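Okay, so here's the structure we're looking at.
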Amino acid sequence: MRHKRLVDERQSADLVRMPLPALLAALTLAAAQPTDSLSRAERALIRHVDADTAAAFALLERVVNINSGTLNLAGVRRVGAVFRAELDALGFKTTWEDGTAFGRAGHLIAEHPGKGTRILLIGHLDTVFEPDSPFQRFERVDHKTARGPGIVDMKGGDVIIVQALKALKAAQLLDDLHVTVIMTGDEEDSGDPMAVSRRSLLDLARRHDVAIGFENGSGDPHKAVIARRGYTAWTLTTTAAAAHSSQIFTPAVGSGAIFETARILAEFHQRLAGQPFLTFNPGLALGGTDVTVDPTGVRGTAFGKSNVVAARMVTSGDLRILSPEQLATTKETMRRIVAETGPQTTATITFDDGYPPLPPSPGNQRLLEIYDRISRDIGFGPVAATDPMRAGAADISFTAGLVAMAMDGIGGAGRDDHSERETADLSVFPALIKRAAILFHRLSRIQPTS
Ligand SMILES: [Zn+2]
């Protein structure tokens, strides 16, 4: 179903005709006033970002108008080529990692070796809107808002990365920086196997001190993500001897596969529910005499009769945790519960780890403090941590434990990503670029101990 348009056609046309100088003036009025805690170099960065605002919006519009649904491999590559050219122009050594081995377009990697803290910047080129989606174009909604597929998730974040680096170059502050950019082509729907599709990201994380993701996060520019939960899928299969229902609960027949599954799920709930940051949810359950589950894992068939003890049940669900330790202990508890099977029944549980968790750490906290300081210094106000329960999975999580400091969710501000109402707040866009540029600059001069 298509969503209702945000503004009526005529009103929208008027705003789109608003001349660029008027738009820029409106944005300058809304711009933050810097305090005097900024160095001369940082003031220069701010001037360069302001001078390049029109180019930032033009780049954003250009990439939003190229469809790059994850499975539109050519489109993802085309967006990658646009950012690659921008980074080439700044003197980065760029490579395109082909994604054939994991069934996706691939990743853009751009390296700029230098001294000091080694900074890894993470973006993604793909969106959830494939070419058959009706949502394809960048559209100005009013003087501060634009709508478009991926405008905040996360082409806006990619543009912030590029524009911040451009400002550093213009201020002659880029030369010394050790900074690497990776823009993955399959964040929304990762290629398989994940060990291959995320290998470059992991390798880069091992060689860097700090990782910063420019996802839109909560969409609130006064929030950043320094902890997020990971995701693991699980499948529980129970089997029992089919028998006449009149003999259920006897030692020779047992309770059947459905009762056995009920016991296991009830104990999962009893022993694990309510732990901080842990959630788990059985999303599909099929039981009876005969059960088949489609290869997609989201659909299946079941046949059974009320007078026959169920022979088989398959249940699949998810599991979200905040740390690798929490994942390990949760799996262990689940396995123990599963192993306590009654007579004539067997039960097995398998786990399929998806995105790992990004646990909170002193290093991540320190990175947020540095960023919060910068935000206040430029007069934009404080930045606080997003509640990990509200932070979705993202590529930053793969850097957990490999870098001293990690933070995400400092990309575009806006709302309603993954829907046709996805909009960006352009009025804060220059401030977001300034914060990023000053962050890279300040980070290059500190000891990144965790
Ligand atoms: Zn995203």
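The values are calculated or read from the model by the stated rules, or taken from the named source; none is laboratory data. Everything numeric in this text was worked out from a predicted model, so none of it was measured. Glycine gets a Cβ as well: all are built from the backbone with ideal geometry, and neighbour counts include every protein chain shown.
One table, with the values for the structure above:
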item	result
Evaluation of residue 204 against (1) farther than 30 Å from residue 115 by Cβ; (2) surrounded by 22 or more Cβ atoms within 10 Å (Cβ to Cβ); (3) away from the ligand (no atom under 16 Å from the Cβ) (one fails), failing number	(1)
Of all residues making up the range 242-252, the number that are in contact with a strand residue (DSSP E or B) (Cβ under 8 Å, 6 or more places away or on another chain) and hydrophobic (A, V, I, L, M, F, W, C)	2
Meets criteria (in contact with a helix residue (DSSP H, G or I) (Cβ under 9 Å, 6 or more places away or on another chain), at pLDDT 95 or above and of a type in the set (Ser, Thr, Tyr)) for residue 289	no
Checklist (1) closer than 27 Å to residue 404 by Cβ; (2) assigned to a loop (DSSP other than H, G, I, E, B); (3) away from the ligand (no atom under 16 Å from the Cβ) applied to residue 192, failing item	(1)
Answer residue from the range 244-258, given it is in contact with a helix residue (DSSP H, G or I) (Cβ under 9 Å, 6 or more places away or on another chain) and crowded, with 18+ Cβ neighbours inside 10 Å and is farthest from residue 276 (Cα to Cα) among those	253
Pairs where the first residue, in the range 293-310, is free of Cβ contacts under 8 Å to residues at least 40 places away in the same chain and the second is exposed (fewer than 15 other Cβ atoms within 10 Å of the Cβ) and in a loop (DSSP other than H, G, I, E, B), C-beta under 7 Å, 6+ apart	300/294
Criterion: closer than 27 Å to residue 37 by Cα and either crowded, with 20+ Cβ neighbours inside 10 Å or of a type in the set (Val, Ile, Thr) (or both) - qualifying residue of 400, 394, 431	431
Checklist (1) within 16 Å of the ligand (Cβ to nearest atom); (2) closer than 30 Å to residue 330 by Cα; (3) of a type outside the set (Phe, Trp, Tyr) applied to residue 185, failing item	(2)
Residue 146 vs. criteria surrounded by 24 or more Cβ atoms within 10 Å (Cβ to Cβ), hydrophobic (A, V, I, L, M, F, W, C) and within 16 Å of the ligand (Cβ to nearest atom)	no
Residue 75 free of Cβ contacts under 8 Å to residues at least 60 places away in the same chain and either in the same structural domain as residue 176 (by TED's automatic domain parsing) or among the β-branched types (Val, Ile, Thr) (or both)	yes
Subset of the range 72-116 that is in a loop (DSSP other than H, G, I, E, B) and surrounded by 16 or more Cβ atoms within 10 Å (Cβ to Cβ) - its residue that is farthest from the chain's Cα centre (by Cα)	90
Filter result for residue 394 (closer than 25 Å to residue 231 by Cα, in contact with a strand residue (DSSP E or B) (Cβ under 7 Å, 6 or more places away or on another chain) and at pLDDT below 95)	yes
Selection from the range 361-391 of residues that are more than 16 Å from the ligand (Cβ to nearest atom), closer than 21 Å to residue 279 by Cα and surrounded by fewer than 17 Cβ atoms within 10 Å (Cβ to Cβ)	387, 389
Test: residue in the range 160-174 that is under 24 Å from residue 206 (Cβ atoms), outside any strand (DSSP E or B) and within 16 Å of the ligand (Cβ to nearest atom)	yes
Failed condition for residue 220, given (1) out of contact with any strand residue (DSSP E or B) (no Cβ under 8 Å at 6 or more places or on another chain); (2) on the phi > 0 side of the Ramachandran plot; (3) within 16 Å of the ligand (Cβ to nearest atom)	(2)
Which numbered condition residue 226 misses (of (1) surrounded by fewer than 24 Cβ atoms within 10 Å (Cβ to Cβ); (2) away from the ligand (no atom under 16 Å from the Cβ); (3) more than 21 Å from residue 162 (Cα to Cα))	(1)
Qualifying residue in the range 132-141 (condition: assigned by TED's automatic domain parsing to the domain that holds residue 206, assigned to a helix (DSSP H, G or I) and within 16 Å of the ligand (Cβ to nearest atom))	no
Among (1) of a type in the set (A, V, I, L, M, F, W, C); (2) more than 16 Å from the ligand (Cβ to nearest atom); (3) outside any helix (DSSP H, G or I) - the single one residue 410 does not satisfy	(2)
